[in-house]
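Below: the structure, in C-alpha cells.
The values are calculated or read from the model by the stated rules, or taken from the named source; none is laboratory data. Nothing here was measured: the structure is a model prediction, and the numbers come from that model. Counting neighbours? That spans all protein chains shown, and the Cβs are built from the backbone with ideal geometry, glycine included. What goes into the accessible areas is simple: the full protein's heavy atoms, side chains included, and nothing from ligands, DNA or RNA. Shrake-Rupley method; radii C 1.70, N 1.55, O 1.52, S 1.80 Å.
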Amino acid sequence: MTGVSSDSAPAESLRTALVQQLVATGTIRDERVAAAFAAVPRHLFVPQASLDIAYADDVVLMKQNEAGVVTSSVSQPSIVALMLQQAAIRPGDRVLEIGSGGYNAALMRELAGPHGAVTSVDIDPEVTDRARESLDEAGYGDVAVVRADGAFGVPERAPYDRIVVTVTAWDIASAWMQQLRPGGRIVVPLRLRGQTRAIAFDLVGDHLESRSTTVCGFVSMQGAGADYERLVPLQEGGLTFDEDQEGEPHPQYDVLTLPAEQTWSGVEVHREEPLLDLYLWLASKLPGYCVLSGEEWSWVAAVATADSLAYLTSRSGRDEAHVELGCRGHGPHASQLIGHMLDQVQSWDAKHRRGPAFQVHASNAVLPPGFHIARRHSYITVTWEE
Ligand SMILES: C[S@@+](CC[C@H](N)C(=O)[O-])C[C@H]1O[C@@H](n2cnc3c(N)ncnc32)[C@H](O)[C@@H]1O
C-alpha cells in the first residue's frame, strides 16, 4: 500500500526481521501473506508500544474490563499469519473481519487488493475509533470499520467470500452462514468443551465443512454470542461445562479431598504434544466430560458424576521427552470412571490420532452421524477418521 506517512527505517528493519522469523519457523508459508506482513506497519496499530514490542511475535493487550479481564488486543503475528493462510483470501475477495484492531484488517486489505473490499466490525466503540484512526494513518482508508455486535455480521455489506472471526466464539451465528457466499470460507476460533481452535470451514450447500484447524487463544466474545460456559466451583479448583451440558450432574464441593485412586494407561505421548484431540475424543465418548482447572491443574480433561470425579494425569515416560498418561479419581464411583477414561485414552491412541473433522449445520437440519454439540443457532458435529 502507499500513503504510509509514519513508517521509519528502524520500524522497517524490525518488520523485515519479524517476517524472516515467521518464514524461518514455517509459520508463514504463503508468499502473499509474507508480502502483506512486510507491507503493513504494525507499530501504527499499537501506538502505546515500543517498536521492539510492536514487532515481537507477541500479542499486544489493548483493553481490560473492571475485573482485569482482557477484552481487546492486537493479536499475535504468528496466529494472525496462520489464520490468514487458513482463510486463503484472494485478490478481489469481499472480506468480513469480526473483532477489530486495525492491523489484521490492513493485512486483509493487502491480500484482497484494490478490487476487493474489507469490512471490520467490533462491539466496542473505543476499539472501532482506534482502528479507524490507525487504518487511516497507515494508508488503509478504504477499509470499512463498523461498530456493531459481530454476532449479526454486517448485512449491509454482504455477501462475503471470506469471514475471519478474531474473537473466541462458541457458536456459528446464523448471520455468518447467511452472509457467506456459496463456496465461501469462514475461519473462526471455536470454543468447544473448554478448548479453542481456529477452524477454517467452507460453505458446502447448506452446511459448513472443516478444511483445517489451528490451536489458538483469543479474548471471549461479548454481546449476543457470549456466556456459553458454566463454572462449578470445587474446594481446590473448578469444573467447566458447556451450556448444552446443563442437565449433567457434578460432584460435591469437597470431592477432591476424598481418598484418591490412580491407574496408568501404558499410553505415552511427547511432553510437547498438544492433547486437544485426545481431550475432544474423551468429550465425545464420555458423558459428564468437563475441564478441571485450579492451582494444581491448569486445564485438565475430567469426567464427573453426582458423587465422583476422575481426571487425566501423567508421569515420566520411557525417556525425558515422553510422559505416560493415567487417570486419577475421587469418590465412590472413581474406579468405574477411571476405567472408562483409560479405555478411551487407549482407543484414541490405537485408532484416532489423526484428529477430528467438523461440520456445522443449522439447528433444524438433519444431522450426519457423529458427536453433536448443540449450540444456540447450530449443531457442531465432530467426526473421527480411523
Ligand atoms: C483479539 S481482538 C481483535 C484483534 C484484531 N483483529 C487485530 O487486528 O489484531 C478481539 C476483539 O473482538 C471484539 N469483540 C468482542 N465481542 C465482539 C462481538 N460480539 N462483536 C464484534 N466484536 C467483538 C473485542 O472488542 C476485541 O476488540
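Residues of the stretch 133-148 that are of a type outside the set (Gly, Ala, Ser) and within 15 Å of Pro41 (Cα to Cα): Glu133, Leu135, Asp136, Glu137, Tyr140. Looking only at residues of the stretch 55-68 that are within 12 Å of the ligand (Cβ to nearest atom) and in contact (Cβ under 8 Å) with a residue 24 or more places away in the chain, we find that the one that is surrounded by the most Cβ atoms within 10 Å (Cβ to Cβ) is Met62. Condition check: outside any helix (DSSP H, G or I) and in contact (Cβ under 8 Å) with a residue 12 or more places away in the chain. Does Ser134 satisfy that? No: the conditions fail for Ser134.
When Ala34 is tested against (1) in a loop (DSSP other than H, G, I, E, B); (2) farther than 30 Å from Ala226 by Cα; (3) of a type in the set (A, V, I, L, M, F, W, C), just one condition goes unmet, and that condition is (1).
Given the criterion closer than 26 Å to Leu82 by Cβ, of a type outside the set (A, V, I, L, M), within 16 Å of the ligand (Cβ to nearest atom) and touching a residue at least 40 places away in the same chain (Cβ under 8 Å), identify the matching residue among Thr166, Thr213, Thr196. Reasoning before the result, please.
Numbers: Thr213 fails: within 16 Å of the ligand (Cβ to nearest atom); Thr196 fails: touching a residue at least 40 places away in the same chain (Cβ under 8 Å).
Result of the check over Thr166, Thr213, Thr196: Thr166.
Exactly one residue out of Thr213, Thr240 is assigned to a strand (DSSP E or B), outside the structural domain of Ser100 (by TED's automatic domain parsing) and open to solvent by 20 Å² or more (accessible area, probe 1.4 Å), and it is Thr240.
Scanning the stretch 107-126 for residues that are over 16 Å from Arg42 (Cβ atoms), buried (at least 22 other Cβ atoms within 10 Å of the Cβ) and near the ligand (Cβ under 9 Å from one of its atoms) returns Val121, Asp122, Ile123.
In the condition set (1) in contact with a Phe, Trp or Tyr (Cβ under 9 Å, 6 or more places away or on another chain); (2) under 27 Å from Val204 (Cβ atoms); (3) within 12 Å of the ligand (Cβ to nearest atom), Ser134 is compliant with all but (2).
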